[in-house]
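In what follows, a single structure is set out as structure tokens and then discussed.
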Amino acid sequence: MKICKQIDEYIAFVRSDEAVVCKEQLLLCDFVEKVFAEEDVYVDEKQLERYLGLQKHFPYKLLPWEQFCFALHNCVYRRDGQLRFPVLVILVGRGAGKNGYLAFEDFALMTPINGVKYYHIDMFATSEDQAKATFEDIYNILEDKKDYFKNYFKWNLECITNINTGSKLKYHTRAPGTKDGGRPGKVDFDEYHAYENYKLIEVATGGLGKKQFPRRTIITTQGDVRDGPLDQLIDTCLEILKGELPDNGTLPFICWLDDPEEVHTEKMWNKANPSLRFFPNLLYEMKLEYVDYKRDPVTHTAFMTKRMNRPPGETQYCVTDWNNLVKATRELPDLKGYSCVAGIDFSKTDDFVVAGLLFKVGDQRYWLHHTWVCTKSRDLPRIRYPLKEAEEAGVLTMVNDVEISPKLIVEWLKEMAKLYIIEGVVMDNFRQTLFRDELKKIGFSYEKKNLKLIRPSDVMKVAPVIGYVLSKELIAWGTCPIMRWYVWNVKAVTDKKGNVDYQKIEPRSRKTDGAMAWVAAMTWEDIIKQRPVTGRRRINTVC
């Protein structure tokens, strides 16, 4: 079946042995051919040719997949003269050039080739920078050839107007307040994934239908908002492609990995990004990002979410690669007189308690720690780590008592304060009552603002920094491998909104107290002075 050059060539490519495409692209080709086989529709090839002639004004040409979308969305009509595909949905990986496509499409539809006077276009996004991204692409093209375009367009940083048609292009992050804004010919949504509800979407599209050939174009990657408008739109698109739902004029162009595991095979990245084979610089950048993702998938979830269009959902990973933990197990420098912040963590005082001091020198962090283990802990028979070695290394104390007294940890902090400047103490909000009175005796209290009680939200905020510090070898915690054991016992759980929480892999035989004490200190590292502190008493925090 022959339709037109731009459509036929892309369909032929998708079905060729050369193509690496997701199954939704194959379904799309079947869907388009079915429409032309069973319905009375046609391509206005003269109009399409005139539209594509406008590429001479742009610093780039539309790629095959873009010409395919443009032809179907803008130049395919039913016999009654109405557009067959007035709604275009483009879900492609970051870097594919979707804003470039939208810039050309909106520029073209403002010209007399469209044949509609006052065909206003409203562009929407949830942030101003994103809303004006495509607008500025067109603005810059006009500015670069202002002597030529001044006869055809008027423009400023808020509105672009075609002189012949009176069509206006504007960008918005909220509902437009002008009469023109209520009568658009076309509405664009950029980065649809960021919308959490339909409030603005419904207002933005409410004025469509007052002008001939009403259109919507939605361009987006995947994002972190779940069960919102994008997820529902994708479900609808998939039902359309599978023939389970009438399309109602929607053209779904979806590109993503068929299976998340395909991320580890470079050629499969083309499934998510139909432009990748044309952009070698983009491929090079993605290779660099993949290395970071592989080493630290928790911090670099955007690679899966936005490059591959496969958000991880709720996933569990080790906090970092084992090799990063090995590299962190190295000797500490002499930090006498340096500023630091203390972190404390424990599950129960009849088990493990860990305290440590976090130093920051430039970008490098150092963690000086100590562990107390209750000999009455019921979990000791389960623990395979050689605690005796840590005790011999001087970083662990066995406490032969029914529990570990907070006084032992506070006494350790008091001794450390003779060597280092402890700016503050951080610990879990839910466990601070046991330590509060003892810490107050040596000068740390919530009232003095040098005791921080962390909440889960604090950990979520610092998780990307922790991943970065580990992957870039910016942390050292001494030569005893017990910290390596603590951190390896932690799993980083990413929820459907992209928030990270640190949890125990196994609560009884794999302790995490040392890791969580370090994480606690990391949430307050901004109070650390990054140089030796002179002229101050080292026990300045002690009463």
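The values are calculated or read from the model by the stated rules, or taken from the named source; none is laboratory data. What you see is a predicted model; the values in this text were computed from it and never measured. Here the Cβ positions follow ideal geometry from the backbone for every residue, glycine too, while neighbour counts run over all protein chains shown.
Being modelled with pLDDT under 95 and under 29 Å from V92 (Cα atoms): is that true of P214 here? I'd like the intermediate steps shown before the answer.
Values: modelled with pLDDT under 95: no; under 29 Å from V92 (Cα atoms): yes.
In short, no.
Among the residues making up segment 278-309, those that are of a type in the set (D, E, K, R) and within 11 Å of the chain's Cα centre (by Cα) are K306, R307. Residue check: is L245 without any contact (Cβ under 8 Å) to a residue 12 or more places away in the chain, farther than 17 Å from C69 by Cα, in contact with a helix residue (DSSP H, G or I) (Cβ under 7 Å, 6 or more places away or on another chain) and surrounded by 14 or more Cβ atoms within 10 Å (Cβ to Cβ)? So L245 fits the description; yes. Restricting segment 146-184 to residues that are surrounded by fewer than 12 Cβ atoms within 10 Å (Cβ to Cβ) and of a type in the set (K, R) leaves a set whose member that is modelled with the highest pLDDT is K146.
Every residue, every condition in (1) under 28 Å from S275 (Cβ atoms); (2) assigned to a strand (DSSP E or B), yes or no:
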{"position": "L157", "(1), (2)": "no, no"}
{"position": "P176", "(1), (2)": "no, no"}
{"position": "V187", "(1), (2)": "yes, yes"}
{"position": "L200", "(1), (2)": "no, no"}
{"position": "K211", "(1), (2)": "no, no"}
{"position": "D227", "(1), (2)": "no, no"}
{"position": "T236", "(1), (2)": "yes, no"}
{"position": "L245", "(1), (2)": "no, no"}
{"position": "F253", "(1), (2)": "yes, yes"}
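Within segment 95-125, take every residue that is assigned to a loop (DSSP other than H, G, I, E, B) and surrounded by fewer than 20 Cβ atoms within 10 Å (Cβ to Cβ) and give me the one that is nearest to the chain's Cα centre (by Cα). Don't jump to the end; show me each part of the working.
Step one: list which residues in segment 95-125 are assigned to a loop (DSSP other than H, G, I, E, B), which gives 95-97, 111, 115-120, 125.
When the remaining residues are screened for being surrounded by fewer than 20 Cβ atoms within 10 Å (Cβ to Cβ), the result is 95, 111, 115-118.
Values: G95: 14, T111: 37, G115: 41, V116: 40, K117: 40, Y118: 38 Å.
Among residues in segment 95-125 that are assigned to a loop (DSSP other than H, G, I, E, B) and surrounded by fewer than 20 Cβ atoms within 10 Å (Cβ to Cβ), the one nearest to the chain's Cα centre (by Cα) is G95.
At least 2 residues that are modelled with pLDDT of 95 or more, in contact with a Gly (Cβ under 9 Å, 6 or more places away or on another chain) and closer than 27 Å to L245 by Cα in each: list the helices (runs of 4 or more DSSP H) lying fully within segment 3-93 that qualify. Even if it seems obvious, please write down each step before you answer.
Working: elements: 5-14, 23-38, 45-53, 64-75.
Of the helices (runs of 4 or more DSSP H) lying wholly inside segment 3-93, those with at least 2 residues that are modelled with pLDDT of 95 or more, in contact with a Gly (Cβ under 9 Å, 6 or more places away or on another chain) and closer than 27 Å to L245 by Cα span 23-38.
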